[in-house]
Structures are given as C-alpha cells and as structure tokens.
Amino acid sequence: MTSPTDRAATERFPWLAILVLASAGFLALAVELSPAGLLTRIAPDLNASVAMAGSLTALYSLGNAILALPLTSLAVRFSRRFSLAGTLLVFVAGNALVVFASDLLPALAGRFISGGAHGLLMSLAPAAAIGVAGLEHERRALSIVIGANTVGIALGAPLASLVGTALGWRATFISAALLALVCALLLAAKIPPLRAGQTRQMPLSQAIRQPGVFRIGAGWMLMMLAYMAVLTYIDPYLAALGAPPLLTILSLFVFGTGGVAGVWLAGQIAARSRLAALLSMPLLMAATLLLMSIGLTSIPVILVLLFVWGIGFSGLVMVWQQTLLLVGFRSPEKSMGIGVVLTQAGMAAGSALGGIVLDRFGVMATPLAGAVITVAALALLIGISPILTAAETGRRAAAAVETTPHTDAVTAAASITD
C-alpha cells in the first residue's frame, strides 16, 4: 500500500500552489515597508505630519507581533485551504481600510489588521508548502516560498514605492488588495483541504516546549537582530564610506540578488547536512559583516560584500526556518508562529540596538556588532544534533502512523471480499 506521503513524493511538483504561496509572501513584505518611500505623499491626505504617518509601518509590525500567535491558534482549527484564503481576505480588508481612509486613525487600524494577516501568513505558509509538496519536495518548496520573501525585501518595497509615486500612494494599496484577492481565490482552488492532526492541536505552552523549538526560534531571533542592527543604518554606513546616494538602492538590489543565491546554496548544503547549513550560513554572514566593519571604501568591494552578506542572511533564514518546522513537527503552524513573534521582537530590538551602537561608537561599529551577535547565537546549537535526529525520525514515524488506519481499513475490506 502506498502512503499519501509516498504518493506526494512521486507526484509532480505542485508549481502553481507553491508559486501562489510565494507570491502572497512577496506581496505582504512589499506592502510592509512601502509607506517609507511615500510618507510625504501620504501625510497630507491623512491630515497628519510626516512623523505621525511614519507610524503606519510601526503599526504593521505591531499587528504582526501581537496577532500572529492568537490567530495561528485559531487558524489551525480549520483546513489550511480555508485558513490561507481567509488570511488573505483579511489582508485585503486591511489594505482597503487604508485606501479609503481620510484620516490617520482608520489607516493605522488597516495597517494593524494587515500586519496581523501577514504574521498569520508567515506561520501558515511554510507548513502548507510542505503539506502540498510532500516531504520529498520539502526543500524545493521552502526554497521558493522563502526565496520570494527575500525578493520581497529587496525589490518589493521599491516597486511598491514606484507604483505609489507614479499613480498616487493609494494605488499601492489598491494593487496590494487586488493581488491578494487573486491569490486568495487561487489558493482556495489549488490548496487541498489539509487539516492539522489532533496531535497538532497542542496549546502554545506545550508547543514551545517541544525539544529545540525555543532554541531554534531564539537563535533565529538573534540573527534577525544582528541583521536589522546593520540594515537599518545601511544608508549612513554607505555615506560614511563616501558612496553616492544612489548606491543605497543598488546595494539593496545586490543584497536581494545574493539572497536568491543564498537560498539555493543553503538548500544544497542542507540536503547533505542540516547541521552544516545551520552553521555555515551564519558564519558566512558574520565573516562578511566583520569585513564590512573594517571600512573598505572601494565601491566594487562593498557591493561584493553586500552580495555575500545576502547569501549568508537568506541562507540562514531558509535553513533555520526549515529546522524550526522540523523540531516543531507536532505543531508546525504554532511552532512557526512562535518563530514569527520572536523574529519580530528581534527585528525591533535590532533597529534600536543599531541606533545605540551608532550613537556611541559610530556607524562603522554596526557591522561589527552584527557579526558578534551572529556568532554568539550559534551557541544555541550546542547539543542540537541529537534533537534534529530525533525530530527527523519522529516526523517520519508520525507520517507513517497517520496512514495506518487507512491501510488497516483497506486490508480488512480486502479480506472480507476474499
């Protein structure tokens, strides 16, 4: 008898479903940072100052951090098809509030709602990708979904700002709402009604106690802290090196391009050794940040370092996220929700830490701080190997057990027929 997992492994890769999941993640990240380039246009229309309008980004992140876990706990009660489509419809509603807002308050409410939907999407999408693609295609599915997030960080926000500049800032949020609606309809049509098993309905307090979940989530948080401490101040960093202003835009593009390469490289390494990927990607990021702190002024060298930094950063995001799903296999959505909240906290703390380092030691010290934090986070991997082995064994055993009742029923029916 062929199990559903075996069948999923032998079937063709579900490109459309995975690409729609990836597109939804790209869209959410593009919208998250889009106000940054449009504040001078948004503020007058909402009867607010530019500084007050800047809170549109903060409310999005706040909604992400506050709502991700409670919404995930609710969403796992339903099929992934229903939950994912519903999440995107909430995202549509949040963006619609921003579009029709005439004052700042309803726009802030819309951003808070959109941020919560984004956090839930980040919790659900990776587990859904694995469920649709099967364990055999897990790495490819996650590479595409997480790779789209990387491209969203590098290109999504500039693209959203470009649309807003050319067509008016409301056009950015109208486009986001319409595209999210299309994604919701496609997911409703293409995602099978997968439902988390009863073992996955564990409370959050139990989910976070799964061996390795908090350690991997905390390590991912520290690395995001290091990333934001540097990226937030990349513009003054480049200015201190004598780079022209336009280099900031080019540097983000180079960083994102490196990120796509990093997703591929991390996948290749993880296919041979997950632990090697967990170690190598952060070490590559730390080494690059250390070189950036030296103060090299050659623009080609700076761009190469940014490219390599993108490789290390995106590679570590993919492999640490993949590992979090592995150790949290008994409750993947809630485990990912825990990771989302921790990483959001790390990103917020990273921006603050980077500012403190800049004020006290100068902008050239921010990459050094990022390198130190990244290396320090690797201490959480001490003794992780047996946990990874046990999780891999447990996940495959759980997948086999889930097919047992079906197999027994078929065998019993066959014996009756005979």
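Here Pro300 meets the list (1) touching a helix residue (DSSP H, G or I) at 6+ places or on another chain (Cβ under 9 Å); (2) surrounded by fewer than 21 Cβ atoms within 10 Å (Cβ to Cβ) almost entirely, failing just condition (1).
The number of residues in the range 95-139 being over 23 Å from Leu19 (Cα atoms), assigned to a helix (DSSP H, G or I) and not β-branched (Val, Ile, Thr) comes to 12. Exactly one residue out of Gly259, Gly242 is open to solvent by less than 40 Å² (accessible area, probe 1.4 Å) and either in a helix (DSSP H, G or I) or not charged (D, E, K, R) (or both): that is Gly259. When Gly370, Gly350, Gly310, Gly339 are checked against the criterion of being part of a helix (DSSP H, G or I), open to solvent by less than 20 Å² (accessible area, probe 1.4 Å) and modelled with pLDDT of 90 or more, a single residue qualifies: Gly370.
From the residues in the range 385-396 that are farther than 13 Å from Gln210 by Cβ and either outside any helix (DSSP H, G or I) or touching a Leu at 6+ places or on another chain (Cβ under 9 Å) (or both), which one is most open to solvent (accessible area, probe 1.4 Å)? Across the range 385-396, the extreme among qualifying residues is Arg396. Any residue at all in the range 314-334 that is in a helix (DSSP H, G or I), out of contact with any Gly (no Cβ under 6 Å at 6 or more places or on another chain), open to solvent by 30 Å² or more (accessible area, probe 1.4 Å) and not hydroxyl-bearing (Ser, Thr, Tyr)? Looking for residues that are in a helix (DSSP H, G or I), out of contact with any Gly (no Cβ under 6 Å at 6 or more places or on another chain), open to solvent by 30 Å² or more (accessible area, probe 1.4 Å) and not hydroxyl-bearing (Ser, Thr, Tyr), one finds none in the range 314-334, hence no.
Within the range 221-236, the set of residues being open to solvent by 10 Å² or more (accessible area, probe 1.4 Å) and modelled with pLDDT of 85 or more comprises Met221, Leu222, Met224, Leu225.
For first residues located in the range 70-81 and closer than 20 Å to Ala189 by Cα, partners that are open to solvent by 20 Å² or more (accessible area, probe 1.4 Å) and among the β-branched types (Val, Ile, Thr) and lie 6+ apart or on another chain with Cβ distances below 9 Å form the pairs Arg80/Val132.
Residues are listed down the side, and each one gets a yes or a no for (1) within 24 Å of the chain's Cα centre (by Cα); (2) surrounded by fewer than 21 Cβ atoms within 10 Å (Cβ to Cβ); (3) within 15 Å of Leu27 (Cβ to Cβ):
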position: Thr40; (1), (2), (3): no, yes, no
position: Ala58; (1), (2), (3): yes, yes, no
position: Thr72; (1), (2), (3): yes, no, no
position: Val76; (1), (2), (3): yes, no, no
position: Gly94; (1), (2), (3): yes, no, yes
position: Val98; (1), (2), (3): yes, no, yes
position: Gly116; (1), (2), (3): yes, no, no
position: Leu121; (1), (2), (3): yes, no, yes
position: Leu135; (1), (2), (3): yes, yes, no
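Do we have Gln344 as closer than 15 Å to Thr232 by Cβ, under 17 Å from the mean Cα position of the chain (by Cα) and either in contact (Cβ under 8 Å) with a residue 40 or more places away in the chain or surrounded by fewer than 24 Cβ atoms within 10 Å (Cβ to Cβ) (or both) here? In short, yes.
The values are calculated or read from the model by the stated rules, or taken from the named source; none is laboratory data. These numbers come from a predicted model, not from an experiment. Every residue, glycine among them, receives a Cβ derived from its backbone with ideal geometry; neighbour counts consider all protein chains shown. Heads up: the accessible areas ignore ligands, DNA and RNA and are worked out on the full protein's heavy atoms, side chains in. Shrake-Rupley method; radii C 1.70, N 1.55, O 1.52, S 1.80 Å.
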